[in-house]
Amino acid sequence: MLHRLLKGIHWRIVSVAAGLVLIGVVAIYSASFRMGGGFAAKQATWTLIAVCAFFSAAWVGYRFFLNVSYLFYGLTIVLLVFVPLFGETYLGANRWISFGPFQLQPSELCKIATILILAQYLANRTALSEQKRSFFVTLALVAVPVGLILKQPDLGSALVFLPVLFAILFFWGFRIRYLVFLAMLGISMAPFLWHTLKPYQQKRLLVFFNPSVDPIGASYTAIQSKIAVGSGGLIGKGWLRGTQTQLDFVPEHHTDFIFSVIGEEFGFAGSIVIIALFGFLLLYVFEIMEHTTDLKARLLAIGIAAFLFFQVFVNIGMTIGLAPITGLTLPLVSYGGSSLVTTFFALGLLVSVYKERSIF
Amino acid sequence: MKLSSRLKILRYSMFGGLGLLVLALFHTQVIKGATYRRMSENNRIRLIRLEAPRGNIYDRSGMLLATNRPAYHVYVIPEDFNPSEIPLLSEVLKLSENDIRSHMSEVRHASFTPVLLKRDVSKEMAMRIEERRPKLGGVFIQVRPIRTYPEGELGAHVLGYIGKISRLEYEARDQSVYHLNSWIGRTGVESAYDRELRGEDGGRQLEVDARGVPIRMLQERKPRPGSDVYLSLDMKLQSKLRPILGSRRGAILLMDLKTGGLLSTLSTPGYDPNSFVTPSRNEERLELIGSRQRPLFDRGLNGLYPPGSVFKLVTAMTALETGLITRHTTFNCPGYFQLSSRSRKFQCWFDGGHGRVDLLTAIERSCNVYFYQVGRLVGPKLLASYARKLGFGSRAALEIPTAEGLVPDADWKERQHHELWFPGETISFAIGQSYLLVSPLQILRLIAAIATDGSVVEPRLLTSNGHPETVTGNVRSSAPPIGPETFRVLRQGMLRAVASDQGTAQLARVDFGKLAAKTGTAQAPPGDPHAWFGGFYPYEDPRIALVVFVERGRSGGITAAKIAKQVIQVYNELYVTSAA
């Protein structure tokens with residue numbers, strides 16, 4: 001039984017993920033040990049649950065999840081609808097549903113569900129003859145969760161869907177001119193979307209272009225985070241010695257701004273390790289893609305790669321002023337159970353793809 | 001194959017993105033690392049919030065009702081303070097040593113952030129601290145605005161007051177506007193127009209050196225001062241009305257019928273809103289909150305009471321509009337009324353009976369029996385529906401929150417009390433008793449509608465930028481669907497109530513013009529009845545609507561009518577005699 005479970009597991013991807021989680025727990029401890037709350041221990045507990053999710057996904061196999069993707073997708077949409085009704089309000093946003101001690105962030109689950117449903121839907125259509133129809137269906141499939149998540153409001157989680165949609169459509173063989181049309185549609189919608197954002201979200205985006213818009217709010221966060229990362233220098237200030245983050249100059253430092261802790265305490269060397277680990281993770285995802293001829297599996301893999309890359313890029317980018325502050329987690333590293341479990345689940349799906357390679 | 005070339009593009013762009021991150025990190029951490037390291041030592045960035053001054057509130061003639069005054073606040077930067085000087089500081093500030101210690105420990109993790117030790121100290125105390133400055137390192141005085149209400153009690157209920165934001169309120173609000181030390185409007189206009197009044201805070205990011213001396217300004221945004229708010233209220237008038245109510249609990253509402261703007265919203269007893277914003281008057285504030293007289297309660301806008309006979313106007317209106325009676329319909333008043341020969345006797349207030357009366361006489365003399373009969377004809381359903389059309393049972397469209405009140409009917413009673421509606425309740429409903437609850441403001445709307453043929457019904461409080469003739473919003477939006485003939489009949493009845501020597505409102509008669517009114521004496525056991533008076537002036541071309549309400553005032557025709565007469569006299573003095 002155990003043998004069957006472990007057989008064919010892509011061990012390199014597991015070790016890379018484990019490395020990232022370990023660094024995450026170490027950084028979370030440093031970021032939060034002064035304020036209590038036992039976040040590092042909680043994250044370790046979440047990791048156990050995440051590992052279960054990983055092995056169940058790997059064992060059950062991605063085909064099953066593709067087959068029930070419509071149901072899964074519907075379920076997560078229902079959860080998203082429920083968030084404003086039963087959710088917990090934190091800092092003015094309504095993102096979580098509580099189940100006893102566990103808090104669920106449905107937008108994370110919905111991300112995976114959407115990738116699954118897109119893969120399932122598009123793999124059954126041929127890129128040669130069903131362009132337009134598929135285009136509108138996929139657009140609708142993404143628009144529903146994006147709209148609901150924007151309403152929470154959670155700009156970052158909503159934005160992740162766009163690169164995922166783009167990467168999947170591009171890989172599926174969507175015509176370039178349609179993609180250009182899609183991009184133009186997005187740009188023309190921007191002024192409308194702008195008004196749906198909360199004032200604080202607007203400020204965060206404006207600050208990216210002009211720091212004097214909000215010198216004591218968002219711009220302060222941006223500059224403090226940049227000082228934190230920069231002050232780490234080549235080898236960092238050492239574990240638990242990061243003054244910027246320890247002294248609360250950077251907010252949310254155990255979740256969204258975990259990278260500023262790593263950058264400050266472990267320096268450029270630590271940053272390189274993190275980016276290298278994510279680089280290997282992406283490399284393995286592409287490697288798994290090359291081992292399968294199943295279009296569904298390949299679409300699934302490219303969607304997962306897209307969300308991993310986007311979150312890593314935007315999250316690390318925002319700590320050094322390369323991207324606006326939108327509230328995205330660093331996958332596997334940031335504190336947060338829902339994000340950890342969904343990421344491991346996604347990796348589990350990929351590993352199940354890898355396990356099936358021998359069939360062909 | 002085309003597919004794999006697309007895959008390559010995706011792959012290269014992702015790895016390219018990671019490469020870009022590495023380059024950017026190299027730039028931030030290695031090339032500029034030393035600069036950032038220097039900035040992070042002792043944290044070299046100081047934030048200074050520049051609070052926007054809160055907007056002023058004015059009355060219709062530009063009298064200042066709410067503004068800011070400079071006040072001295074004492075701050076300390078714990079990092080720069082020598083703890084052995086705590087006894088000295090305690091003596092100068094008249095603050096216990098423990099309090100000082102606990103204030104300072106609020107910022108354990110950030111000991112270079114200034115802590116507020118004491119707000120609004122006297123000038124003398126501020127001087128004394130400045131004198132001892134060399135010893136009290138890290139202690140400094142900052143002049144910051146404090147809210148003040150120059151007219152004190154006048155208009156307090158409508159103005160409201162401000163208070164420090166609580167943690168819960170802060171979390172529920174937009175945090176780019178409010179911060180943990182914000183003051184927010186708690187009641188009245190201060191609360192309803194908080195966003196307009198508060199403006200937008202600015203701030204400065206300063207880079208300082210190791211000794212805390214600013215080197216350069218990184219970012220700055222000037223605060224945007226709050227907007228001023230202009231009310232339609234006339235505080236000069238209200239200050240002259242205040243003594244008329246004396247120690248009574250009640251309200252005087254006056255509305256300009258040409259614009260819909262409220263001139264007076266006096267409610268007694270009042271309170272001084274300054275006690276909510278002045279730190280040294282904390283005890284007074286607690287006393288106000290606990291007082292049995294409920295001075296914080298706005299009786300005019302939020303008080304709910306049975307209206308008594310004033311409501312007969314609504315009963316008459318319902319019957320006239322539905323054609324169940326005409327102005328000539330008569331009923332006999334033997335002094336009492338029975339639904340059937342064996343049921344209980346409903347008394348008329350005049351034991352001897354009014355004899356055979358028509359509608360105008362019934363309004364003039366406020367004959368209960370006449371309206372019992374009318375009530376029996378119209379029934380509770382119609383009566384309730386007309387009452388609702390006239391704005392009873394719902395909030396007025398005023399700029400600040402007002403009470404809803406209650407218009408009962410059979411459905412409501414079934415839901416609320418699980419009992420059937422008794423015919424006897426219709427009888428008391430018709431004369432403004434039973435479960436009916438109204439606010440003086442709602443009566444004012446009713447009077448205004450009658451006086452202007454339904455064209456001005458919504459009382460307003462705000463004017464645009466000090467032009468009292470331009471109250472904001474559309475005042476003619478919700479005219480009730482009632483014919484002008486009905487209004488004319490009611491106005492004639494109300495005129496007779498004042499002008500006739502048998503009229504119930506005759507004590508309010510003035511010799512310089514014609515007043516029309518209806519009084520009410522509302523039973524509200526246990527305790528004396530409430531006194532009501534609702535009228536408009538002058539009869540020929542109504543300029544104002546007026547409601548006088550006295551809680552437990554015993555008699556509308558005596559207590560309230562006498563007050564109303566003085567109100568009209570004051571109004572005449574200020575608006576007619578002095579204007580001419």
- Please work out if B:VAL310 is touching a strand residue (DSSP E or B) at 6+ places or on another chain (Cβ under 6 Å), buried (at least 20 other Cβ atoms within 10 Å of the Cβ), among the β-branched types (Val, Ile, Thr) and touching a residue at least 60 places away in the same chain (Cβ under 8 Å). yes
- Task: With the checklist (1) free of Cβ contacts under 8 Å to residues at least 60 places away in the same chain; (2) more than 20 Å from A:ILE13 (Cβ to Cβ); (3) aromatic (Phe, Trp, Tyr) in hand, flag the one item A:PHE259 doesn't pass.
- Result: (1)
- Message: Restricting to region A:304-317, give me the number of residues that are in contact with a Ser or Thr (Cβ under 8 Å, 6 or more places away or on another chain) and in contact (Cβ under 8 Å) with a residue 60 or more places away in the chain.
- Response: 2
- Note on the structure: Filter region B:357-367 for residues that are surrounded by 24 or more Cβ atoms within 10 Å (Cβ to Cβ) and over 35 Å from the mean Cα position of the chain (by Cα); the one that is nearest to B:SER343 (Cα to Cα) is B:CYS367
- Message: Residues that are more than 11 Å from every other protein chain (Cβ to nearest Cβ): list the strands (runs of 3 or more DSSP E) wholly contained in region B:160-211 that include at least 3 such residues.
- Response: B:162-164, B:183-185
- Do you know which residues across region B:509-530 are among the hydrophobic types (A, V, I, L, M, F, W, C), over 19 Å from B:VAL489 (Cα atoms) and touching a Phe, Trp or Tyr at 6+ places or on another chain (Cβ under 7 Å)? B:ALA522, B:ALA524
- Output the qualifying pairs, or none if there are none: Cβ atoms under 6 angstrom, residues six or more apart or on different chains, first residue in region A:162-184 and assigned to a helix (DSSP H, G or I), second residue among the small types (Gly, Ala, Ser). A:PRO163/A:ALA306; A:VAL164/A:GLY303; A:VAL164/A:ALA306; A:ALA167/A:ALA306; A:ILE168/A:GLY303; A:TRP172/A:ALA127
- Filtering strands (runs of 3 or more DSSP E) wholly in region B:215-302 for at least 3 residues that are out of contact with any Phe, Trp or Tyr (no Cβ under 9 Å at 6 or more places or on another chain) gives B:262-268
- Note on the structure: Within region B:10-49, the count of residues that are touching a residue at least 60 places away in the same chain (Cβ under 8 Å) and more than 7 Å from chain A (Cβ to nearest Cβ) comes to 5
- Item | Counted residues, region A:64-102 - those being modelled with pLDDT of 70 or more and touching a strand residue (DSSP E or B) at 6+ places or on another chain (Cβ under 8 Å) | 4
- Query: Pick from region B:220-267 the residues that are of a type in the set (Asp, Glu) and surrounded by fewer than 22 Cβ atoms within 10 Å (Cβ to Cβ): which of them is nearest to B:ARG299 (Cα to Cα)?
  - Reply: B:ASP228
- By residue number, the members of region A:217-238 that are surrounded by fewer than 23 Cβ atoms within 10 Å (Cβ to Cβ), of a type in the set (Gly, Ala, Ser), within 7 Å of chain B (Cβ to nearest Cβ) and within 21 Å of A:LEU328 (Cβ to Cβ) are A:GLY217
- Task: Out of the residues in region B:88-145 that are assigned to a loop (DSSP other than H, G, I, E, B) and within 39 Å of the chain's Cα centre (by Cα), state the one that is modelled with the highest pLDDT.
- Result: B:SER122
- Within region B:193-208, can one find any residue that is under 21 Å from B:ILE57 (Cα atoms), without any contact (Cβ under 8 Å) to a residue 60 or more places away in the chain and under 30 Å from the mean Cα position of the chain (by Cα)? yes
- Give me the pairs: first residue in region A:324-351 and hydrophobic (A, V, I, L, M, F, W, C), second residue part of a loop (DSSP other than H, G, I, E, B), beta-carbon distance under 6 Å, and six or more apart or on different chains, which are they? A:VAL351/A:ILE9; A:VAL351/A:HIS10
- Query: Failed condition for A:ASP214, given (1) charged (D, E, K, R); (2) more than 28 Å from A:GLN43 (Cα to Cα); (3) surrounded by fewer than 22 Cβ atoms within 10 Å (Cβ to Cβ), with all others met?
  - Reply: (3)
- Message: Whether any residue in region B:336-355 is among the aliphatic types (A, V, I, L, M), crowded, with 17+ Cβ neighbours inside 10 Å and in the same structural domain as B:THR315 (by TED's automatic domain parsing) is what I want to check.
- Response: no
- Test set (1) in contact with a strand residue (DSSP E or B) (Cβ under 9 Å, 6 or more places away or on another chain); (2) more than 14 Å from every other protein chain (Cβ to nearest Cβ) - A:LEU350 fails condition number: (1)
- Message: Out of everything in region A:257-304 that is out of contact with any helix residue (DSSP H, G or I) (no Cβ under 7 Å at 6 or more places or on another chain) and in a loop (DSSP other than H, G, I, E, B), what residue ends up being modelled with the lowest pLDDT?
- Response: A:THR293
- Do we find a residue being within 14 Å of chain B (Cβ to nearest Cβ) and either among the charged types (D, E, K, R) or part of a helix (DSSP H, G or I) (or both) anywhere in region A:185-198? yes
- Subset of region A:257-272, residues in contact with a Leu (Cβ under 7 Å, 6 or more places away or on another chain) and more than 15 Å from A:GLY233 (Cβ to Cβ), comes to A:ILE258, A:PHE259
- Query: In the list A:PRO324, A:PRO331, which residue meets the criterion of being more than 20 Å from A:LEU205 (Cβ to Cβ) and in a loop (DSSP other than H, G, I, E, B)?
  - Reply: A:PRO331
- Task: Please enumerate the residues belonging to region A:1-55 that are outside any helix (DSSP H, G or I), of a type in the set (D, E, K, R) and either surrounded by 14 or more Cβ atoms within 10 Å (Cβ to Cβ) or within 14 Å of chain B (Cβ to nearest Cβ) (or both).
- Result: A:ARG34
- A:THR255 fails exactly one of (1) surrounded by fewer than 22 Cβ atoms within 10 Å (Cβ to Cβ); (2) at the interface with chain B (Cβ under 10 Å from one of its Cβ atoms), namely (2)
- If we scan region B:326-342, do we find a residue that is outside any strand (DSSP E or B), out of contact with any Ser or Thr (no Cβ under 7 Å at 6 or more places or on another chain) and of a type in the set (Lys, Arg)? yes
- Message: Cβ-Cβ distance below 6 Å, separation of 6 or more or different chains: which pairs start in region A:211-228 with a residue that is in contact (Cβ under 8 Å) with a residue 40 or more places away in the chain and end on one that is among the basic types (Lys, Arg)?
- Response: A:ALA218/A:LYS203; A:ALA218/A:ARG204
- Going through region A:272-300 one residue at a time, which ones are facing chain B (nearest Cβ under 10 Å) and free of Cβ contacts under 8 Å to residues at least 12 places away in the same chain? A:ILE272, A:ALA276, A:GLY279, A:LEU283, A:GLU290
- Task: Please specify each residue of region A:171-184 satisfying the condition of being within 14 Å of another protein chain (Cβ to nearest Cβ), within 25 Å of the chain's Cα centre (by Cα) and surrounded by fewer than 18 Cβ atoms within 10 Å (Cβ to Cβ).
- Result: A:GLY173, A:LEU179
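The values are calculated or read from the model by the stated rules, or taken from the named source; none is laboratory data. From a predicted model like this one, the values you see are computed outputs, not experimental measurements. Positions of Cβ are backbone-derived with ideal geometry, glycine not excepted, and every protein chain shown enters the neighbour counts.
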